[in-house]
Each structure stands twice: as C-alpha cells, then as structure tokens.
Amino acid sequence: MARNTGDEWWRSAVFYQIYPRSFQDTNSDGIGDLQGIIDRLDYLNDGTERSLGIDAIWLSPTFPSPMKDFGYDVSDYCDVHPDFGDIATMDRLIAECHRRGIRLLLDYVPNHTSDQHPWFIESRSSRDNPRRDWYIWRDAKPDGELPNNWRAVFGGPAWEADAVTGQYYLHSFLIEQPDLNWRNPGVVTAMHDVLRFWLDRGIDGFRMDVIGMIMKHPELADNPPNPNWKAGDRDRGRLLQTNSRNYRDVFAAVRGLRAVLDSYPERMAVGEVFGTSEEIGRYYGDGALDGLHLAFNFQFIQEHDSDASTPWEAATLARIVRNAEASLPAGGQPCYALANHDRSRFISRHDHDGRGRERAAAAAIMLLGLRGTPFLYYGEEIGMADVAIPAGRLKDPARIRTVGRDPERTPMQWTAGEGRGFSSVEPWLPYGPAVSNVADQAQDHDSMLSLYRRAIWLRKRERSLMAGAYREVTAAPDGVFAFERSAVGARPVTVAVNTATEPRAISLGPGPVTVLVATERALEGTVLNGDLVLPPLAAVMVGGS
Ligand code: TEU
Ligand code: CA
C-alpha cells in the first residue's frame with residue numbers, strides 16, 4: 001500500500017489528532033495508552049474504504065510528566081510516561097503506523113518544561129548553577145514590583161517567587177511550567193537534540209506547542225495595554241502580547257528547528273500559533289519557505305484574540321479563507337482545524353438551536369474540500385459533543401473557563417456499551433451519550449462516520465481536492481459559502497456549504513455536474529444541469545461529469 005509519499009506528503013494528507021488519555025485503554029486503568037492506539041490503527045486506515053482513511057496522526061504528549069497540565073508539563077522529553085506504556089511500545093506504534101502508510105507526529109513542547117524536569121531542578125538550586133540561565137530568572141523591581149506586567153495564559157501574573165534563591169521565574173502557563181530561555185545556546189542545542197532523538201526513531205514530524213512564545217523581548221519589556229479590552233473580558237486579554245508572543249526573533253529560532261527537520265527525509269512540523277493571518281503567514285518563512293511546513297489557522301474555532309466562537313456563517317467563513325489564502329507566502333498552504341483538546345467541540349459550539357450535528361456534517365465537507373491540510377480531532381468523525389463533567393470529576397487545572405477543557409477531552413466511544421469499548425473500568429473522564437459510537441455508525445450509511453469516510457476517500461481520488469487551486473465562488477447567494485478547486489488535467493470540484501436554515505438555490509456552473517458527496521446522502525450521484533437547491537445547513541461536493 002503506497003505510503004503518502006514524497007517530501008511534501010503533508011500537503012495532501014488528512015491528519016487526525018489523538019488525545020492519548022482518551023483513545024483506547026488496554027490495561028484497565030481507565031486511561032488510554034499507546035497499545036490502545038496500535039489496536040485501533042486499522043479503524044484509522046487499513047487501506048480500504050471501510051476505514052476512516054486518515055494519513056497521519058498527531059499525538060498529544062505522551063512523555064514523562066507530573067501531569068499538572070496533562071503532559072504539556074514535560075519532565076523528560078525522550079521517554080514515555082508509564083500511563084501510556086514505554087519506549088518499546090512507542091517503537092511498535094511507529095512501525096505499525098508505517099506498515100499501514102500512516103505518518104506519526106509527536107507533540108513538541110519547547111516553550112516550557114515541568115518544574116520537575118531535572119533541568120529546572122538544577123536551575124532553581126542556586127543562582128550560579130550552570131543551568132540557571134536555561135530558564136528566565138529576574139529580581140523584583142527596586143520597588144518590590146514584579147519584573148514586568150506579563151500575565152500567565154491560565155490567569156494571574158506570569159512570575160513566581162522562588163524562596164531558595166530569592167528571585168522570580170517566568171511561567172507563561174502554570175507555575176509548574178517554567179519557561180525555557182531560548183536565548184541560551186545550551187537550551188537550543190538540547191532542544192534540537194530532542195527532535196533528533198525521535199527523528200532517529202522514525203517519527204515523521206512534530207506539532208509544535210505555542211511555538212510563537214519561545215522568544216521573548218530581550219529585556220522582557222512590559223506588554224502594552226490592549227485598547228480593545230473592557231471590564232468583564234478575560235484577564236489574559238488585558239494586555240497585547242507584543243513582547244511575549246510572535247516577537248520578531250522567533251522566526252530565526254523556527255528556521256533553526258526547520259534545519260534540523262530538513263536534515264532528515266520527509267519530516268515536517270506544524271506550529272500552534274496564535275495571531276493575525278499575517279502573523280501566521282510569517283511562520284512559513286519569508287518567501288524561502290524555510291520556516292514551519294504548516295501553521296494552524298484556528299479562525300474557524302475562534303477569531304484572532306477574540307473569546308467568542310467563530311459563527312457558522314457563510315460570509316465569515318469566506319472571509320477567513322480569503323485572508324488565509326492572501327496572507328500566505330507563495331507555496332505556503334493553509335492548515336485548518338474545527339476543534340482540538342483546548343477548545344469546545346464543534347457541535348457544542350453550534351448547537352444553540354439543536355442543529356449542531358447538521359452544521360458539523362457541513363463543516364466536515366468544508367474542511368475536507370478546502371485547499372490546505374485538514375486536522376480532525378478524535379471523535380469529531382462520530383459527532384462527539386462536549387460532555388458535562390460533574391464538579392467532583394473535573395481534572396483540567398487550567399480553569400480558564402469555569403469548566404476547563406475536560407468536556408472536549410472525554411473518552412472515544414467505540415460502542416454504545418457501558419464501557420463504550422474504551423475501558424473495562426471507570427474512565428479518567430466520564431463518557432458522553434452512547435449515540436455517538438463507532439460500532440453503530442459504521443453500519444449506518446447516513447451516519448457522521450460514513451460521511452467522513454466518503455469525503456476522505458473521495459478526496460484521495462480527486463486531484464483537484466488533493467492538490468488543486470482555490471477559487472471562491474463570489475456569486476454564491478447569501479448564506480452559502482462556495483468555492484471551486486481545480487488542477488490541470490483533473491476535473492474541477494465545487495464545494496457549496498449552506499449555513500442558512502432555509503434552502504438556498506445555487507448555480508454550480510455549466511452542467512452536467514454530479515453530486516459526489518453530500519450531507520444529505522440522497523443527493524449523492526444526482527446529475528445536475530448547473531443549478532442545485534441546497535437544503536438548510538447542507539453541504540455538497542460536485543464534480544464536472
Ligand atoms: O495551548 C496553548 C494555548 O494558549 C491554549 O492553552 C489556549 O489558549 C488555552 O487552552 C485556552 O483554552 C497549548 C496546548 O495546546 C495546551 O493544551 C497547553 O495547556 C498549553 O499549550 C501549555 O502547554
Ligand atoms: Ca491504560
């Protein structure tokens with residue numbers, strides 16, 4: 001079975017994010033593990049259209065960690081946490097993925113370590129420890145004030161006083177996540193070696209955690225007040241992150257990471273970056289494309305620096321894509337996701353009228369039709385929604401919102417059974433409604449899972465979808481986001497998404513065209529002479545006959 005081959009495999013691949021604690025438990029501790037992922041690889045891609053057909057997996061952290069931030073507080077970058085298995089199991093996972101032509105990405109957490117990482121334990125031991133400057137230590141200001149006004153992402157000041165040496169250390173997230181000092185060459189070398197450790201084991205690439213924060217203003221200057229911030233807005237929006245995020249020196253650091261990846265064949269990196277489309281575009285590298293291979297555009301989830309979820313409205317979707325396409329350097333391709341382990345699931349963000357599932361089906365068609373690299377979030381393909389977590393079972397320390405991020409991190413549902421096919425014991429987080437499960441949906445041609453399978457396997461057959469240019473259909477009626485994908489020598493494919501709750505008539509150009517995949521399966525195979533009435537909230541992909 002041909003692997004998705006070539007140096008630029010990631011341009012046509014469909015990625016799937018696995019939150020390892022919640023995918024499959026195999027040793028009855030209620031926590032997902034690496035063996036569980038191995039056991040479910042055929043569900044993800046066994047080379048047949050009975051499988052989901054994804055081409056690459058991004059695995060959220062599986063490294064040793066006190067789990068204060070569930071693995072994003074790493075205490076050893078070059079091993080596996082016993083909750084997930086061991087390094088031999090990881091090697092087997094890599095081999096089993098590659099045997100199926102699936103690529104495997106690990107999470108790379110460069111901005112901070114755990115405070116239990118030996119590097120930090122040494123660094124905090126004394127002011128003249130050789131690793132002191134591996135982290136960011138400062139004295140209080142003469143007036144006793146904190147070194148600067150920076151806020152931690154999870155709230156509160158970004159500085160923690162350390163009694164042992166009487167200085168403050170910087171933590172952009174939890175106090176248990178001290179920031180590394182990427183202006184120290186020793187840190188850069190050590191963190192490059194972390195990449196080589198896993199690349200030598202066959203890992204295909206990395207999702208790079210808050211990569212935009214690793215280089216701070218050299219003097220750690222205060223961040224300016226955010227003129228748009230108003231009382232009641234989230235604390236962390238009070239200041240513009242001018243000196244603590246996307247600081248100009250970060251792009252050179254990114255080029256350094258790229259050079260390590262380029263010293264291995266067919267490896268890549270996708271960055272978790274926040275900012276305007278222009279700022280995101282810069283991570284690809286200026287012109288030379290010597291930066292990140294991909295940088296996430298989260299604007300289908302939340303627009304830049306807004307707390308509100310992006311509305312499911314055609315005009316907004318078209319604008320987001322127009323900006324993304326316009327702000328990327330030549331050869332750069334967008335990278336979209338509808339959700340992840342930090343954000344409420346798509347269905348739950350768009351279910352105010354109980355029609356979130358219909359919107360989610362249409363969003364799948366949009367995501368898999370757009371020019372760019374799509375990332376699916378586990379459970380999305382079976383229509384999993386956020387799960388209400390009883391107070392006593394809340395786990396996520398980062399209480400940004402009252403309920404934290406647990407609702408979007410609940411166990412994958414393989415069956416409707418009591419243990420959902422996930423575990424034989426009480427899971428680390430509760431299950432959601434049984435209706436969203438793989439077993440039932442696999443047999444149901446009208447299910448969300450069947451729609452994802454049809455769309456993903458169609459995408460593999462249509463070069464216009466895999467590698468075609470993007471052209472917005474500006475003549476689309478209000479409420480419809482439509483675009484055409486075309487490639488030389490391949491038939492064009494038009495994607496139309498109706499975000500209105502009324503039908504919308506749309507002209508799909510000179511016929512005849514065939515409905516290739518649709519949220520309303522009954523439409524599939526229909527040959528049209530150009531015009532189509534799109535049902536409310538429906539979406540289609542049509543191809544020239
Ligand atoms: O997230 C970065 C980040 O800023 C998000 O935390 C986000 O703003 C927050 O979750 C709001 O909901 C990355 C990881 O994805 C996240 O899971 C980690 O907690 C964080 O970095 C620290 O490593
Ligand atoms: Ca387990």
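The values are calculated or read from the model by the stated rules, or taken from the named source; none is laboratory data. Predicted model, so just to flag it, every value in this text is computed and none were measured. All Cβ positions, even for glycine, are placed from backbone atoms using ideal geometry, and neighbour counts span all protein chains on display.
Observations on the model:
- Number of residues in segment 332-384 that are farther than 20 Å from ALA455 by Cβ and of a type in the set (Gly, Ala, Ser) equals 4.
- Here PRO118 fits the description: closer than 28 Å to ASP79 by Cα and without any contact (Cβ under 8 Å) to a residue 60 or more places away in the chain.
- Within segment 124-152, no residue that is over 30 Å from PRO225 (Cα atoms) sits with its Cβ atom under 6 Å from a residue that is in a loop (DSSP other than H, G, I, E, B) and basic (Lys, Arg) at 6+ positions apart or across chains.
- GLN24 vs. criteria within 16 Å of ligand 2 (Cβ to nearest atom) and within 26 Å of GLU272 (Cβ to Cβ): yes
Let's see how each residue does on (1) within 23 Å of PRO536 (Cβ to Cβ); (2) within 16 Å of ligand 2 (Cβ to nearest atom); (3) in a loop (DSSP other than H, G, I, E, B):
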position: ASP307; (1), (2), (3): no, no, yes
position: PRO311; (1), (2), (3): yes, no, yes
position: ALA315; (1), (2), (3): yes, no, no
position: VAL321; (1), (2), (3): yes, no, no
position: ALA330; (1), (2), (3): no, no, yes
position: GLN333; (1), (2), (3): no, no, yes
position: ILE347; (1), (2), (3): yes, no, no
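- Being surrounded by 22 or more Cβ atoms within 10 Å (Cβ to Cβ), more than 19 Å from the chain's Cα centre (by Cα) and within 16 Å of ligand 1 (Cβ to nearest atom) holds for only one residue in TYR77, TYR72, and it is TYR77.
- Here ARG454 clears all of (1) within 30 Å of VAL488 (Cβ to Cβ); (2) touching a Pro at 6+ places or on another chain (Cβ under 6 Å) except the condition numbered (2).
- Just one of the listed residues (ASP46, ASP83, ASP39) is out of contact with any His (no Cβ under 9 Å at 6 or more places or on another chain), over 24 Å from PRO407 (Cα atoms) and either within 13 Å of ligand 2 (Cβ to nearest atom) or among the polar types (S, T, N, Q) (or both), namely ASP39.
- From the list VAL488, VAL493, the lone residue that is among the β-branched types (Val, Ile, Thr), surrounded by 15 or more Cβ atoms within 10 Å (Cβ to Cβ) and either farther than 25 Å from GLY372 by Cβ or under 32 Å from the mean Cα position of the chain (by Cα) (or both) is VAL493.
- If you go through segment 369-420 and pick out every residue that is outside any loop (DSSP other than H, G, I, E, B) and at pLDDT 95 or above, you end up with 12.
- Listed conditions (1) of a type in the set (S, T, N, Q); (2) crowded, with 18+ Cβ neighbours inside 10 Å; (3) more than 16 Å from ligand 1 (Cβ to nearest atom) are all met by SER65, apart from (3).
- Only listed residue being modelled with pLDDT of 95 or more, among the charged types (D, E, K, R) and within 16 Å of ligand 1 (Cβ to nearest atom), chosen from ASP133, ASP193, ASP115: ASP115
- Qualifying residue in segment 184-197 (condition: assigned to a strand (DSSP E or B) and surrounded by 15 or more Cβ atoms within 10 Å (Cβ to Cβ)): no
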